[in-house]
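Everything on this sheet refers to the single structure shown next.
Please treat every number below as a calculation from the coordinates, not as lab data. Remember, predicted model here, so these are calculated numbers, not experimental data. Positions of Cβ are backbone-derived with ideal geometry, glycine not excepted, and every protein chain shown enters the neighbour counts.
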Amino acid sequence: MQKPASMMVWGCSSAYGMGDLHICESTINVEQYIEVLEPHTLPSRQHIFQGRPCLFQQDKAKPYSACITTAWLHSKRDWVLNWPACSPDISPIENI
């Protein structure tokens, strides 16, 4: 039996509005994930939060939780919310 097609979409949202969406046509590794974050996090954060503090929420998938990713986010002064593993049902972005 063939697996159904899948797609990864990176996006951001908050009570203040929507940010960028980026469609990845296949699964991604750590380096590719940072390539997605680089052009989208700062512009989205500036547009949505306009200087107000914000939290970055992501699940525990390897590209998101790798030391390289964590260090990159820390270098950009992004606060990352500690998110429980295997909990896509409580992620707001999963319902958009």
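For the chain, what is the mean residue ellipticity at 222 nm derived from helices alone (per DSSP H run of n ≥ 4: -39500 (n - 2.57); sum divided by total residues; nearest 500 deg cm²/dmol)?
Values: 3 runs with 33 residues, N = 96.
Result for the chain, helices only: -10500 deg cm²/dmol.
With both labels modelled 7 Å from their Cα along Cα-to-Cβ, the Lys76 to Ala15 distance reads 2.4 nm. Amide hydrogen proximity for Val80: with H placed 1.01 Å from N in the peptide plane, the residues at 5 or more positions away or on another chain lying under 5 Å are Phe56.
Computed on the Cα atoms alone, the convex hull of the chain gives a volume of 116 cubic angstrom per residue.
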